[in-house]
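One structure below.
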Amino acid sequence: MSAEKGYVGLGEVGEMEESIGLNLKATELRLGLPGSESPVKSTSLGAKRGFSDAIDGKWVLSGNGKAGSDLALGKDASLFSPPSDNTNNDPLPLPQPSKPIPAPAAKAQVVGWPPIRSFRKNSMATQPPQKNEADAEPKPGCLYVKVSMDGAPYLRKMDLNNYASYRDLSSALEKMFSCFTL
Amino acid sequence: MKKAAYSFPEEVLEHVFSFIVSDKDRSSISLVCKSWYEIERWCRRKVFVGNCYAVSPPILIKRFPELRSVTLKGKPHFADFNLVPEGWGGFACPWIRAMAGAYPWLEEIRLKRMVVSDESLEIIAKSFRNFKVLVLSSCEGFTTEGLAAIAANCRNLRELDLRESEVEDLSGRWLSDFPDSYTSLESLNISCLGNEVNLLALERLVSRCPNLKTLRLNRAVPLDRLPNLLRGAPQLAELGTGAYTSEMRPDVFSNLAEAFAGCKQLKTLSGFWDVLPSYLPAVYPICSQLISLNLSYATVQSPDLIKLVSLCEKLQKLWVLDYIEDDGLEVLAASCKDLRELRVFPSDPFGLEPNVALTEQGLVSVSEGCPKLQSVLYFCRQMSNAALNTIARNRPNLTRFRLCIIEPRSPDYLTLQPLDDGFGAIVEHCKDLRRLSLSGLLTDRVFEYIGTYGKKLEMLSVAFAGDSDLGLHHVLSGCDNLRKLEIRDCPFGDKALLANAAKLETMRSLWMSSCSVSFGACKVLGQKMPRLNVEVMDESGPPDSRPESSPVEKLYVYRTVAGPRLDMPGFVWTMDDDSALRIS
């Protein structure tokens, strides 16, 4: 039986095995200036592209494991080029740009992978909020955590969803506990 | 006198049948002859429906008029991971309504992955006078108002278990709706509730129910209220704590330790959200009696985990986060020789880099040290064929093996080869393997192994694996006992599916998403197999608006005697005999 090339843009296993040895970062093709988000164009009909779909327009790949989609992007970069000429598209190995965007705290997420139930994910959500793609599960309405400070007579509850950054969180905590004198 | 030798009074047969409880055996009895079928169906008290769409309420009621216990499952397993869109189905209401009319003496309802409304709960509360057991596992669609109806009306309720359901938590007041005269509670699991319940009502309820054996609290129950609850139920066998943290005070600690020590029958512990490590020693006195420990929400580091686990010499079941690390698993292997089940969950599944020192070695240690280990669920970031081989040879008694290497398509990290041989060793050596989940880099060869050796395999989960239809063909043609097959993101397509169409009637269900099955093939399958429901899911629009060769987004095929279902949302189409598509 001939191998069916999945519409998700997966390569054949043989190609994947080849690519594992490659330093993909050095030959990474980026559309547009470093730090800009390139629009993802798809020529496949209809259905979701699964794994490669999840990559948020940020083409910075970790270079291990995601061989199939790496290859799809590398080989078929034209699939994703905007119609007009992109003069920033440099086929030569690019010098690694210093990232003006903060390095993602988490990898781009595939829906339903790793296979962890929502209840568990929500319970673990006291970790820094991850970047989700739009159709990943929605954030829980409230992300209450109880905060305890040494010396404070009682705990405080706070909704992590209200704070966009560590700085906000930390100043809110300060205010919350400032009334307790040690 | 010859006649007497041939005929057995029905009552005697009925009495004999009452000792046969397994569904399979009951089914066999009913096939012996017409009169046995009749007798059996009148005295069947318990029924399990693995797929609520495989049969309909009228069909069930017509065949089994005197049920006392019904279990129904709705959505496919991958719904747990958000692969099944909202509104897909699995509605409990039609079942509950029908049963309310047909089974006034119904005692037990167990639902899994179904949509349950408050209205349904109200019907349950008012229709069954002797209602005893309500288990809602991974269900959704109801609020605490529905629970209030149950609490207020079910005088004989023994068990209320909401495990992992999504409940709209409007108020904790519902618990107070159990009347003061109500004392028959034996098992309560509210661990999924988001908000605080009325703690005073909870304490009173717990202390007035002398047969309470299982109490699983939710995160919102503060630790300092736990001692009181425990003192009210010293006969508890299973406890799920709430948040396991409080400001560190010696009197709170000693109170807690004393309360735990008073529970001489406590065998199962869970909960442990937000653990403050200094409070863990409060459970040390009872560790030696524990057989089941669920620390999978306990974000504590290895040393604290190791200490705790090393004291649980009778442990049979451990669920834990990967904070336990390889070192901790080595201690587990040395201390807990009775271990039957291990689940290790990832603490940082979406992180780019490993945050803990947990590798394949941990699992190898446990496979070496724990001779009774049967069931494994393991999340990790690297695996090798050698390790899998060792595990397989160490533990041929494995019955459930679910491995999740977090990065899809990860090869053997030592050789960079696919993990075909490793998983092949698992299926070859573990002859009683019933459930298997694959991950990592896998070619069609692993499926050849599975088809060849996986003769007892009942459930297989596959993701990001395989090269071609041959892979799927191996599984469908080789696994004689396969009941459930779920596949995502694999290059499996039409040929294997159509060539093995008849196999699908011997299985409960097949799920395929982000694969290469064409719309045309789905239509053909639906036409060829009238006793299968072939459901195509596509959120981007009707599949017939695209060429027939276009792959479908999601495919769910299941056998049924009830025909195509009528409650499908707009993004689901059934491919049936006349291939008519419902216009949404």
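Please state which one of B:V356, B:V275, B:V320, B:V283 is part of a strand (DSSP E or B) and in contact with a Phe, Trp or Tyr (Cβ under 9 Å, 6 or more places away or on another chain).
B:V320
Can you report the number of residues in segment B:193-208 which are surrounded by 22 or more Cβ atoms within 10 Å (Cβ to Cβ) and part of a loop (DSSP other than H, G, I, E, B)?
Here the count works out to 2.
Would you mind stating whether B:K62 is of a type in the set (K, R) and farther than 23 Å from B:R508 by Cβ?
The answer is no for B:K62.
Enumerate the helices (runs of 4 or more DSSP H) found wholly within segment B:468-584, keeping only those where 3 or more residues are aliphatic (A, V, I, L, M) and closer than 30 Å to B:P57 by Cβ.
On the way: elements: B:469-478, B:494-499, B:501-504, B:519-528.
Per the criteria, B:501-504.
Pick from segment B:267-288 the residues that are open to solvent by less than 40 Å² (accessible area, probe 1.4 Å) and out of contact with any helix residue (DSSP H, G or I) (no Cβ under 9 Å at 6 or more places or on another chain): which of them is farthest from the other protein chains (Cβ to nearest Cβ)?
Among them, the one singled out is B:T268.
Give the number of residues within segment B:392-416 that are touching a residue at least 40 places away in the same chain (Cβ under 8 Å), within 17 Å of B:T443 (Cβ to Cβ) and of a type in the set (D, E, K, R).
Result for segment B:392-416: 1.
Of the conditions (1) within 12 Å of chain A (Cβ to nearest Cβ); (2) within 17 Å of B:N397 (Cα to Cα); (3) open to solvent by less than 10 Å² (accessible area, probe 1.4 Å), B:V427 fails just one. Which one is it?
(1)
Please count how many residues of segment B:541-559 are within 26 Å of B:V115 (Cβ to Cβ), in contact with a Leu (Cβ under 9 Å, 6 or more places away or on another chain) and surrounded by 20 or more Cβ atoms within 10 Å (Cβ to Cβ).
Within segment B:541-559, residues that are within 26 Å of B:V115 (Cβ to Cβ), in contact with a Leu (Cβ under 9 Å, 6 or more places away or on another chain) and surrounded by 20 or more Cβ atoms within 10 Å (Cβ to Cβ) number 6.
Select, from B:G141, B:G101, B:G87, the only residue that is outside any loop (DSSP other than H, G, I, E, B) and at positive phi.
B:G141
I'd like the residue in segment B:241-266 that is in contact (Cβ under 8 Å) with a residue 12 or more places away in the chain and within 13 Å of chain A (Cβ to nearest Cβ) and, out of all such residues, is most open to solvent (accessible area, probe 1.4 Å).
B:M248
Test B:M507 against the stated conditions and say whether it is more than 19 Å from B:V49 (Cα to Cα) and either surrounded by 24 or more Cβ atoms within 10 Å (Cβ to Cβ) or among the aliphatic types (A, V, I, L, M) (or both). Walk me through it before giving the result.
Numbers: more than 19 Å from B:V49 (Cα to Cα): no; either surrounded by 24 or more Cβ atoms within 10 Å (Cβ to Cβ) or among the aliphatic types (A, V, I, L, M) (or both): yes.
So B:M507 does not fit the description; no.
State all residues of segment B:323-373 that are closer than 24 Å to A:F119 by Cβ, within 14 Å of another protein chain (Cβ to nearest Cβ) and among the acidic types (D, E); if no residue qualifies, say none.
Correct list: B:D348 only.
Would it be correct to say that B:L457 is under 27 Å from B:A387 (Cβ atoms) and either within 14 Å of chain A (Cβ to nearest Cβ) or touching a Ser or Thr at 6+ places or on another chain (Cβ under 9 Å) (or both)?
Working: under 27 Å from B:A387 (Cβ atoms): yes; either within 14 Å of chain A (Cβ to nearest Cβ) or touching a Ser or Thr at 6+ places or on another chain (Cβ under 9 Å) (or both): no.
When the stated conditions are applied, B:L457 does not pass them.
On the basis of being under 28 Å from the mean Cα position of the chain (by Cα) and not small (G, A, S), does B:R546 make the cut?
So B:R546 does not fit the description; no.
The values are calculated or read from the model by the stated rules, or taken from the named source; none is laboratory data. For clarity, every value in this text was computed on a predicted model and none was experimentally measured. Neighbour counts run over all protein chains shown; Cβ positions are idealised from the backbone, glycine included. The accessibility values were calculated without ligands, DNA or RNA, using every heavy atom of the protein model including side chains. Shrake-Rupley method; radii C 1.70, N 1.55, O 1.52, S 1.80 Å.
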